[in-house]
Amino acid sequence: MSVLSLDSAELKIFVYSGGTKQATPNYTLTKSILSGESTINFEISELIKDYVEVTFDGDYSKSVTTKFVETELIRTFKGTVGGETVTVSDPSPLTRKFIAFRGYGHSYDINPTLSRDILISNRTIFAPVNEELNVPFFTDEGGVHQVDFLNGTTTTTTTVVGGNVSRITADKGDVRADNSTGASQVFTTDMTLLRTESSKDSNKITSTTSVTTSIKYTNKLGANRSIPVVEIEECKFNPYKVTFLNGFGALQDLYFFKKRTDNFAVEREEYMKSILKNSTTISGVEFSPTEHQSSLLDITATPTFTMNTGFVTEDHNKVIKELMLTEFCWITDGEVHPIKPITSSVSEKSELNDKLLNFEIEFASAQYYIQNVR
């Protein structure tokens, strides 16, 4: 009688952009099983995160939020056969393919799973009139099949985003879904989404320029859901669009309709400089009264500004939290500029207590005012 049990495992991780993986893995991890355990777990999300760079220049079709990940696993088993100790490894690697992206779950979620429909937390969308409306949807297996933009009861734009169809709108890559491969595959990871060879794009931004009062989306089982769209004609202030990477790992647009206040912060260091110079005078030294004795060093300037959303619905509490937690954020102000939220705390608002809900957020430019790129 032979008894073999898992002894160790080696995991090779390849991270790449499209095409096929490179010859050399980005990481090679080796683990031995712990006493009393029957499986080996590899936590690879933080390793992969280093390679998932996010870029956005205002063109959703060119934005980058994900990377392909392929893993090769070799397990080694050890046991006794006929009274002798035997070591056996898998004859060939167990391979898996994933899409990695920068999404997250919450501390109270156990193995959180991704929404299979619209990839935003709010269920009411506010947008200026005559502005293109961009909305991310999950379109992989079990996700959204069709999106309809409606003006009242009239369908103005229909987009088929799931299934074996041509690309219709800006492809945003795949999005976050925690994945546990199970004990039989002896490794787990989050921040990844399992992808098969036949999978299509998992996350698309669907857009329209038509007047829209609601969005209806249909999953692949034929079930329909809809959310209202409130188009605002702001007559006093200039609305600003902020695009950020939300908790789903998708790019989301959030408009700030009300007052904006701009500020300018400067940081500087100073030092005392000797301005004495040798001379032929009786004292042997002299100095110029117009020369700086107190000199400035390392002057940096950062524009900051505060913006107000205007009155929104209670579900925007979560959107604001995701905005404050985001690592990637841009503002469209004629041109697209990188910014960062610097508000460190907000009060959660409710329609019961606050009646009308407005959020005020402070931002800073993610680039210095004085160009110092090296």
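The values are calculated or read from the model by the stated rules, or taken from the named source; none is laboratory data. Predicted model, so just to flag it, every value in this text is computed and none were measured. Virtual Cβ from ideal backbone geometry, glycine too; neighbours counted across all protein chains shown. With ligands, DNA and RNA removed, areas are computed over all heavy atoms of the protein, side chains included. Shrake-Rupley method; radii C 1.70, N 1.55, O 1.52, S 1.80 Å.
Expected output is a single nm value to one decimal: the length gained when fully extending between K31 and N151, i.e. 0.36 nm times separation in residues minus the C-alpha distance. What is it?
Taking K31 through N151 to full extension adds about 37.5 nm, to one decimal.
Which of S288, S347, S207 moves the most in a Gaussian network model of the chain with Cα springs under 10 Å?
S288
Find the relative contact order for the chain and round it to a whole percent, using C-alpha pairs within less than 8 Å whose residues are 6+ positions apart.
Relative contact order for the chain comes out at 14 percent.
For Cα extents along the principal axes in Å, which listed value, (i) 58, 50, 39; (ii) 71, 48, 39; (iii) 105, 73, 43, comes from the coordinates shown?
Looking at Cα extents along the principal axes in Å for this model, the match is (iii).
Compute the acute angle (0 to 90°) between the alpha-carbon long axis of helix 316-325 and the principal axis of greatest extent of the alpha-carbon atoms of the chain; round to the nearest 10°.
Tilt relative to the chain: about 80 degrees.
Quick one: order Y60, Y27, Y271 from most to least accessible surface, probe 1.4 Å.
Y271, Y27, Y60
In nanometres, what is the gap between the two model label sites at Y368 and L297, each 7 Å from Cα along Cα-to-Cβ?
According to this spin-label approximation, the distance is 1.5 nm.
Ordering C329, C235 by accessible area with a probe of 1.4 Å, largest first, what comes out?
So the residues, ranked largest to smallest area, are C235, C329.
Using the Karplus curve 6.51 cos²θ - 1.76 cosθ + 1.60 with θ = phi - 60°, work out ³J(HN,Hα) for each residue of segment 347-353 in order, rounded to whole Hz, and write x for Gly and Pro.
With the stated coefficients, segment 347-353 comes to 8, 5, 10, 9, 5, 5, 8 Hz.
Residues of segment 57-86 with the amide nitrogen closer than 16 Å to a label point 7 Å from the Cα of S17, along Cα-to-Cβ, please.
57-69, by backbone N distance to the label point.
What order do M272, M307 take when sorted by accessible area (1.4 Å probe), most exposed first?
Greatest to least solvent exposure: M272, M307.
Would you kindly find the accessible area of E132, with a 1.4 Å probe and non-protein molecules such as ligands, DNA and RNA excluded, rounding to the nearest 10 Å²?
The value for E132 is about 80 Å².
Length gain on complete extension for the stretch F264 to N130, per 0.36 nm per residue less the alpha carbon to alpha carbon distance?
The F264-N130 span can extend by a further 45.1 nm.
First check a/c for segment 236-374, with a ≥ b ≥ c the square roots of the eigenvalues of its C-alpha gyration tensor; if it is under 1.5, answer rounded, and if not, answer prolate when a/b is larger than b/c or oblate otherwise.
Since a/c reaches 1.5 and a/b is larger than b/c, the shape of segment 236-374 is classed as prolate.
Residue by residue, what Karplus-based ³J(HN,Hα) values in Hz, rounded to whole numbers, does segment 131-139 have, using 6.51, -1.76 and 1.60 with θ = phi - 60° and x for Gly and Pro?
Those phi angles translate into 9, 5, 9, 10, 9, x, 10, 7, 10 Hz.
Straight-line reach from K355: which aspartates and glutamates have a Cα under 17 Å away, not including same-chain ones fewer than 8 places off?
Straight-distance partners of K355: E314, D315.
For an R0 of 25 angstrom, estimate the FRET efficiency from the Cβ-Cβ distance between T213 and S115 and round to the nearest 0.05.
The value I calculate is 0.65.
Need one word for segment 237-277: rounded, prolate or oblate. Basis is the Cα gyration tensor (sqrt eigenvalues a ≥ b ≥ c); a/c below 1.5 gives rounded, then a/b vs b/c decides.
The shape class here is oblate.
So what's the back-of-envelope 222 nm ellipticity for the chain, counting only DSSP H runs of four-plus at -39500 (n - 2.57) apiece and dividing by all residues, rounded to 500?
After summing the helix terms and dividing by the residues of the chain, the value is -1000 deg cm²/dmol.
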